[in-house]
1. Every residue in the range 445-464 that is at pLDDT below 65 and in a helix (DSSP H, G or I), please.
2. Could you please give the count of residues in the range 314-327 that are modelled with pLDDT of 95 or more and crowded, with 17+ Cβ neighbours inside 10 Å?
3. Let me confirm something: among Val384, Val402, which residue is outside any helix (DSSP H, G or I) and either under 31 Å from the mean Cα position of the chain (by Cα) or over 15 Å from Gly256 (Cα atoms) (or both)?
4. Look through Glu337, Glu281, Glu320 and report the one residue that is on the phi > 0 side of the Ramachandran plot, acidic (Asp, Glu) and in contact (Cβ under 8 Å) with a residue 40 or more places away in the chain.
5. Can we say Asp304 is at pLDDT 95 or above and touching a strand residue (DSSP E or B) at 6+ places or on another chain (Cβ under 8 Å)?
6. When you go through Thr170, Thr196 one by one, which is the residue that is at pLDDT below 95, within 21 Å of Glu51 (Cβ to Cβ) and part of a helix (DSSP H, G or I)?
7. With the condition kept exactly as written, say whether any residue in the range 122-141 is touching a residue at least 24 places away in the same chain (Cβ under 8 Å), among the hydrophobic types (A, V, I, L, M, F, W, C), in a loop (DSSP other than H, G, I, E, B) and under 30 Å from Met283 (Cβ atoms).
8. Which one of these is surrounded by fewer than 18 Cβ atoms within 10 Å (Cβ to Cβ), in a helix (DSSP H, G or I) and in contact with a helix residue (DSSP H, G or I) (Cβ under 6 Å, 6 or more places away or on another chain): Ser361, Ser392, Ser407?
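The values are calculated or read from the model by the stated rules, or taken from the named source; none is laboratory data. The structure displayed is predicted, hence computed values, not measured ones. We place every Cβ from the backbone using ideal geometry, glycine too, and count neighbours over all the protein chains shown.
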Amino acid sequence: MESRSTDNHNPSKAEPNKLIEETSPYLLQHAYNPVKWYPWSKESILKAQTEDKPIFLSIGYSACHWCHVMAHESFEDPAIAKIMNENFVNIKVDREERPDVDDIYQRVCQLVTGTGGWPLSVFLTPDQKPFYVGTYFPKNARYGTPGFGTILSQLANAYKDKRKEIDTATVEFLQALESSSRDAIQSSGVTIDQSTLDEAAIGLLQIGDPVYGGFGHAPKFPNPSNLLFLLRCYDISGINKYKDFVILTADRMAAGGIYDHIGGGFARYSTDQKWLVPHFEKMLYDNALLAQVYSEIYQVTRDDKYLDVLTKTLDYVLREMMSPDYGFYSAQDADSEGEEGKYYVWSKQEIVDSLSNEMISNIFCDYYGVSQFGNFEGENILNVRTSVYELSRKYGQQPETVKRMISEAASKLFKIREQRVKPGLDDKILTAWNGLMISGFAKGYRVTNNRRYLEMRLNLYKLD
């Protein structure tokens, strides 16, 4: 499959490594690195075993911002690549192609460090046992974290001169992984009753953010499966606090910068507690599941604002993520032209010049919190800061007139934004994620009666 990534190196500048033979856009992004990358394969494992070299395993995906950062800082650096090539067999994995490999080592990372994520950086013995693990490593020492080059050198020396310590680390890692796996196995014949569901729902509320919705602090992910679970618990029990928390979360997300107010669709997560500043990548599975969340909230509330978020999200997927044969691509990148979020942010002056009407631009900027100084590196991420009714009183306009002005201004800015360089596209078509999207369109059709959504669902079913 042809890669549409904007992050590939110019082939004329370097000889390709083994990744040039792959089809994953993420792996192809690294095909011209000076690192001699291998895909996860029998060949790469056998090479490590034959040469008795440790493996450096790097797992990521094409829309991952910090994957790009580590690539630019370290994997494109000839000095770092020299250390990697001389001392390790270096393997790149697209976590969307090999979720099985990612799952194993992601659990190891979470057990050892208390957190996980991508890029996932794992050092393995030739028989694939982990002895050191982390996520993003900066090229140079920062905030008490050693630089990646230092880590590489220290681990290479340890593998040569301190093999007993390496073996001890692998045993400890594997014991922790085995213990966690036993805890996760449920005995056969166990019945889940109402009290178990209630306990799970109450547990979710206890870790929920009562001010901004969602779970935890920062970074904050939408966790749509948790929200759908709470809605089902509300449906079964009639306990309003389950529904109310989902509505709070949905309202805060739809008002925040994690939601694309101009083009629709949600970014993968917010870097802050308030849903304001996302990492701007958009994933198919997030939008498929969030479409289901907003359709179900609409079914509960019959409030058209949820219908608007739903339709804009589904229309975004149709516009940006659909292949010619009706399958759906995996992701859009966070970066364009080498800058995170450049496609999505605005200066106030650009908005004022584009709308060319003082009242409309003032209303739009007030509504979306647009200022001269911005809220993201001097630019503005649009996020709802006031209500239509407050603006109606402030500007002496009817609420419907204010709504129309904001909508028309957004449409005009959308056309202008379409002229910008778009983020890179991961054009893999994954069966599981397309299955989620079928459900999203089915729910969308159920609440909107928009036959286009029904047709998309049927077309997806017909794919081989």
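1. Scanning the range 445-464 gives Leu460, Tyr461, Lys462.
2. 6
3. On inspection, the qualifying residue turns out to be Val384.
4. Going through Glu337, Glu281, Glu320 in turn, just one is on the phi > 0 side of the Ramachandran plot, acidic (Asp, Glu) and in contact (Cβ under 8 Å) with a residue 40 or more places away in the chain: Glu337.
5. In short, no.
6. Every option except Thr170 fails the conditions.
7. Looking for residues that are touching a residue at least 24 places away in the same chain (Cβ under 8 Å), among the hydrophobic types (A, V, I, L, M, F, W, C), in a loop (DSSP other than H, G, I, E, B) and under 30 Å from Met283 (Cβ atoms), one finds at least one in the range 122-141, hence yes.
8. When all the criteria are applied, what remains is Ser392.
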